[in-house]
1. With respect to the numbered conditions (1) over 30 Å from A:D87 (Cβ atoms); (2) touching a Lys or Arg at 6+ places or on another chain (Cβ under 7 Å); (3) not aromatic (F, W, Y), which one is the sole condition not fulfilled by B:L53?
2. What number goes with the only condition from (1) part of a loop (DSSP other than H, G, I, E, B); (2) surrounded by fewer than 15 Cβ atoms within 10 Å (Cβ to Cβ) that B:S3 does not pass?
3. In the range A:39-98, what residues are of a type in the set (K, R) and under 12 Å from the mean Cα position of the chain (by Cα)?
4. Can you name the residue in the range A:59-118 that is among the β-branched types (V, I, T) and under 19 Å from B:I16 (Cβ atoms) and, of all such residues, is modelled with the lowest pLDDT?
5. I'd like the full set of residues that are touching a residue at least 40 places away in the same chain (Cβ under 8 Å) and not assigned by TED's automatic domain parsing to the domain that holds B:N10, limited to the range B:26-72.
6. Condition first: hydroxyl-bearing (S, T, Y), assigned to a helix (DSSP H, G or I) and within 8 Å of chain A (Cβ to nearest Cβ). Now tell me which residues in the range B:67-125 satisfy that.
7. Within the range A:49-99, can you find the residues that are surrounded by fewer than 14 Cβ atoms within 10 Å (Cβ to Cβ), facing another protein chain (nearest Cβ under 7 Å) and on the phi > 0 side of the Ramachandran plot?
Amino acid sequence: MAVHSITVKQILSRIRQVFPDVPETYVMNLINDALVEAGMYNSKVVHAKMSTAANQMWYDLKDAAKDSSNNVLEVNKIFRVYFMDNDGDYILIPRLIDKDLLLTDVSSESALQAPDSR
Amino acid sequence: MASSIKYPENSCRWFIEGDSFCLITNVDSEGDANTTARKNWKAIQEAVTDGILLYYYAEPNGVSSLSDVPDIDNSLHLALVDYVKKCLYMDSAGLAADPNASTVATNMSMLHKQKWDEAVKRFGMKKRDKTGGMRSILPHSLT
């Protein structure tokens with residue numbers, strides 16, 4: 001247990017030193033607003049696994065999206081992605097910055113260099 | 001089940017578009033390079049259970065009862081008090097009939113807003129960084 005962490009009741013008691021009549025439901029709503037805002041920053045780092053589907057390019061990250069264990073993801077900002085290789089190890093994969101360059105080619109196929117085969 | 005991709009760092013890319021995560025690869029379901037250069041990067045062509053591992057900032061769990069402890073580091077708990085006071089002072093500024101009382105409440109609201117911003121936005125990451133010790137840089141070899 002942390003050295004000192006405070007409960008909602010303790011937060012409420014501190015608030016009521018100045019605002020004695022404030023309803024606890026309203027304070028709880030404000031605390032939840034604050035938690036949403038704090039979640040935008042480095043306050044809770046989580047890792048989750050997702051399964052891929054054949055020929056599926058897009059995967060949902062909405063608030064209700066779930067990982068492969070059916071847990072709600074609640075993603076705010078993804079900063080690192082790994083992909084499982086043929087040995088079952090997770091390897092860091094790069095984020096594509098200039099996605100338009102690769103996905104919308106109007107010239108012929110011969111205008112592109114195929115990557116080296118391994 | 002492992003994938004058939006031998007070098008994901010070369011064969012896979014990801015990006016975010018709105019609320020969607022996109023994964024593309026330049027190999028087929030056998031792990032061989034796509035032969036059509038123009039459509040080299042495509043959706044992954046195999047189903048891989050637990051194939052993607054994401055690291056991300058997640059939303060803290062909300063509170064619903066008085067006994068709940070906020071789901072963030074305890075160094076931020078006092079900042080929650082500032083956030084709530086910021087809002088309540090702004091409410092009272094709006095309700096005050098006396099302009100002087102309204103001004104005082106607005107100033108108090110700004111004070112708590114500054115404390116909240118400082119705790120969470122400006123110095124939050126630095127204060128709660130779990131990395132300790134000296135910072136050292138490994139230089140590139142010049143030979």
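The values are calculated or read from the model by the stated rules, or taken from the named source; none is laboratory data. Treat the numbers as computed from the prediction; the structure is a model and nothing was measured. Glycine also receives a Cβ, built like all others from the backbone with ideal geometry; neighbour counts cover every protein chain displayed.
1. B:L53 satisfies all of (1) over 30 Å from A:D87 (Cβ atoms); (2) touching a Lys or Arg at 6+ places or on another chain (Cβ under 7 Å); (3) not aromatic (F, W, Y) except (1).
2. Among (1) part of a loop (DSSP other than H, G, I, E, B); (2) surrounded by fewer than 15 Cβ atoms within 10 Å (Cβ to Cβ), the lone unmet condition for B:S3 is (2).
3. A:K44, A:K49, A:K62, A:K66, A:K77, A:R80
4. Restricting to residues being among the β-branched types (V, I, T) and under 19 Å from B:I16 (Cβ atoms), the top hit is A:T104.
5. Listed by number, the list is empty, since nothing qualifies.
6. Start the filter on the range B:67-125 by keeping residues that are hydroxyl-bearing (S, T, Y), which leaves B:67, B:75, B:83, B:89, B:92, B:102-103, B:106, B:109.
Now narrow it down to the ones that are assigned to a helix (DSSP H, G or I): B:75, B:83, B:89, B:92, B:102-103, B:106, B:109.
Correct list: B:Y83, B:S92.
7. Matches in the range A:49-99: A:N55, A:G88.
Each row is one residue, and each column tells you yes or no for (1) at pLDDT 90 or above; (2) within 30 Å of A:N29 (Cα to Cα); (3) within 26 Å of the chain's Cα centre (by Cα).
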residue: B:Y7; (1), (2), (3): yes, no, no
residue: B:K39; (1), (2), (3): no, no, no
residue: B:Y57; (1), (2), (3): no, yes, yes
residue: B:N74; (1), (2), (3): no, yes, yes
